[in-house]
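Colleague: Take this structure, written in structure tokens, and hold onto it; I'll ask about it next.
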Amino acid sequence: MKIGVRVHDLGRNTPENLAKEAKQIGFNCVQLVVNKAILNEGGLPTYLCEEKVKTIRDAFLNEGIEIAMLGAYFNPVHSNLDKVKVGVTNFSNFLKYENLFNGHYVGSETGSFSDDPWIYHPKNRTKEGFLQAANVFKELAKVAEENHANIALEGAFGHICYEPKVLKEMYDYIGSDSIYFTIDLFNYLDISNYDKYLDILDDAINLLGDRTVIFHLKDFIVENNAIKRVDIGKGMLDYKKILPKLLACNKDAYFIFEGNSKEGMQESYNFLKKIENEVTK
């Protein structure tokens, strides 16, 4: 399995130190958000040039770490159009440099009319709202095609693509082979449906299939009538049932820890490797 980490969950550092730390835990790939992970970076759009990209790329390559996804998450339906413009510019820049990074995908969620934070808004579940977001990503798909790059889109319960079916509809609407999927099971859950998480996962896998190239791995408990994220292996998700489903969907996908505490990273990694060994015998 290609097991990786959203690398800024290890903290902000030099690319060399981040790569070494990821490798020491056991990870062989990362999800990289440059402005959140790399020391002395910040602000959007991220400034990219050939020299800078090669320096970051080589730091990870030297440790045998793949850059699975370049995170360029932005809200395509934010009411502040300047923020949308910056997000589109940033995403486009990463698509243009994706191959030089030796990256595989540039990723984003599909946003919300709540602006910040991205939570449920009634307009998210309208045709008008869907088209407003989809048309932004349709233009970005053209940039991806021009640069032989790929996009990984991700749904979430409170966002425009609030269930897997809507994410598949967005893919069909955009009509580009540059579009792939990230499945984050936790993102589709809330207090009303968490007990049906295996059914929701099955639905996502059946709809999105092997165009799913990234699985975000998380865990949760229920506390004060709400779901609360915890480190992988410390919650309610039955990875002995989940992992075989993910591997059957696409064994070559990237399995990315997202939001795990740094302190619990090694224990969570060891937990997942133990499950992998059990289910792949």
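Colleague: For the range 17-32, state whether one or more residues are in a helix (DSSP H, G or I) and more than 22 Å from residue 272 (Cβ to Cβ).
Modeller: Restricting attention to the range 17-32, the residues satisfying the condition of being in a helix (DSSP H, G or I) are 17-25.
Among the residues that remain, those that are also more than 22 Å from residue 272 (Cβ to Cβ) are: 17.
Yes, there is a match, as at least one residue in the range 17-32 is in a helix (DSSP H, G or I) and more than 22 Å from residue 272 (Cβ to Cβ).
Colleague: Another question about this same structure. Is it the case, given these coordinates, that residue 149 is in contact with a strand residue (DSSP E or B) (Cβ under 8 Å, 6 or more places away or on another chain), modelled with pLDDT of 95 or more and part of a loop (DSSP other than H, G, I, E, B)?
Modeller: So residue 149 fits the description; yes.
Colleague: What number of residues within the range 126-146 are over 17 Å from residue 93 (Cα atoms) and either of a type in the set (Gly, Ala, Ser) or in a helix (DSSP H, G or I) (or both)? Full working, then the answer.
Modeller: Just the residues of the range 126-146 that are over 17 Å from residue 93 (Cα atoms), to begin with: 126-135.
Filter once more, so that each one left must be either of a type in the set (Gly, Ala, Ser) or in a helix (DSSP H, G or I) (or both): 127-135.
Of the residues in the range 126-146, 9 are over 17 Å from residue 93 (Cα atoms) and either of a type in the set (Gly, Ala, Ser) or in a helix (DSSP H, G or I) (or both).
Colleague: Within the range 263-280, does at least one residue satisfy the condition of being among the aromatic types (Phe, Trp, Tyr), at pLDDT 95 or above, surrounded by 19 or more Cβ atoms within 10 Å (Cβ to Cβ) and in contact with a Lys or Arg (Cβ under 7 Å, 6 or more places away or on another chain)?
Modeller: Checked the range 263-280: no residue is among the aromatic types (Phe, Trp, Tyr), at pLDDT 95 or above, surrounded by 19 or more Cβ atoms within 10 Å (Cβ to Cβ) and in contact with a Lys or Arg (Cβ under 7 Å, 6 or more places away or on another chain).
Colleague: Can you name the residue in the range 6-59 that is of a type in the set (S, T, N, Q) and free of Cβ contacts under 8 Å to residues at least 40 places away in the same chain and, of all such residues, is farthest from residue 86 (Cα to Cα)?
Modeller: Initial filter on the range 6-59 (of a type in the set (S, T, N, Q)): 13-14, 17, 24, 28, 31, 35, 40, 46, 55.
This time we only want the ones that are free of Cβ contacts under 8 Å to residues at least 40 places away in the same chain, so: 13, 17, 24, 28, 35, 40.
Working: 13: 24, 17: 29, 24: 35, 28: 31, 35: 14, 40: 20 Å.
Here the residue is 24.
Colleague: While we're on this one: Mind checking which residues of the range 158-188 are farther than 23 Å from residue 148 by Cα, of a type in the set (A, V, I, L, M) and part of a helix (DSSP H, G or I)?
Modeller: 166, 185
Colleague: Looking only at the range 122-161, how many residues end up being under 20 Å from residue 207 (Cβ atoms) and of a type in the set (D, E, K, R)?
Modeller: Of the residues in the range 122-161, 4 are under 20 Å from residue 207 (Cβ atoms) and of a type in the set (D, E, K, R).
Colleague: I would also like to ask the following. Scanning for something crowded, with 23+ Cβ neighbours inside 10 Å, of a type outside the set (A, V, I, L, M, F, W, C) and within 22 Å of residue 98 (Cα to Cα), does the range 128-149 turn up at least one residue?
Modeller: No, the range 128-149 contains no residue that is crowded, with 23+ Cβ neighbours inside 10 Å, of a type outside the set (A, V, I, L, M, F, W, C) and within 22 Å of residue 98 (Cα to Cα).
The values are calculated or read from the model by the stated rules, or taken from the named source; none is laboratory data. For clarity, every value in this text was computed on a predicted model and none was experimentally measured. Counting neighbours? That spans all protein chains shown, and the Cβs are built from the backbone with ideal geometry, glycine included.
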